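Take a look at the structure set out below.
The values are calculated or read from the model by the stated rules, or taken from the named source; none is laboratory data. The structure presented is a predicted model; accordingly, all values stated were derived computationally and were not measured. With ideal geometry, Cβ positions are generated from the backbone for all residues, glycine too; neighbour counts draw on all protein chains shown. Keep in mind that these areas ignore ligands, DNA and RNA; they rest on the heavy atoms of the full protein, side chains included. Shrake-Rupley method; radii C 1.70, N 1.55, O 1.52, S 1.80 Å.
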Amino acid sequence: MKAYLAGAIEHAPDNGVRWRRHLTNFLSDHLDHSVYDPTSEEISILTPEESENFRQYKEDNLLEFQRIVRKLIAHDLSTLTGQIDYVICFWDEHVKNGGGTQGELTVAYHYNIPVYLVAGMPVTEISGWILGCVTELFPSFDHLENYLIETFNGNR
């Protein structure tokens, strides 16, 4: 089994790394599941020059920035639709400033890929569209982890 870890990157204080690392370890240790973590995949997708410069290109060279971001989008969506069994999403105030997570959840819904969302904010502040894409909603990572153990522990 393989999980896609969706959530804020660009506008998150730590680029969304900490919660993804925690879940990667949890899924590996407790369920023997692998993950697609877009925060660590960028290195393998982009050339060193692209990786080093693309955020600056947003200010200096929009066409080059768009080319690079489209490369990331194409890779992420191809992975999502071709290799993923379920999506785990952390929805907090930082994700609202981006667009990738919204697109990923919509694509997952369209392809009938289960979406497990951890609400890092009141549910009433989460878009109805996003809630419509969600299979299961959790108030914390602990609740999600308990659910995943109950759901997948027999499928190791």
Between residues in the range 47-67 that are open to solvent by 100 Å² or more (accessible area, probe 1.4 Å) and residues that are not in a helix (DSSP H, G or I), which pairs lie under 9 Å by C-beta distance while being six or more apart or on different chains?
52/46; 55/10
Hey, any hits in the range 69-91 for a residue that's assigned to a loop (DSSP other than H, G, I, E, B) and either charged (D, E, K, R) or in contact (Cβ under 8 Å) with a residue 12 or more places away in the chain (or both)?
yes
Within the range 97-112, of all residues that are in contact (Cβ under 8 Å) with a residue 60 or more places away in the chain and farther than 17 Å from residue 138 by Cβ, the one most open to solvent (accessible area, probe 1.4 Å) is 97
From (1) outside any loop (DSSP other than H, G, I, E, B); (2) under 23 Å from residue 133 (Cβ atoms), pick out the condition that doesn't hold for residue 51.
(2)
Looking only at the range 119-154, filter to residues that are aromatic (Phe, Trp, Tyr) and touching a residue at least 40 places away in the same chain (Cβ under 8 Å); which one of those is farthest from residue 1 (Cα to Cα)?
141
Given the criteria open to solvent by less than 40 Å² (accessible area, probe 1.4 Å) and not aliphatic (A, V, I, L, M), does residue 129 qualify?
no
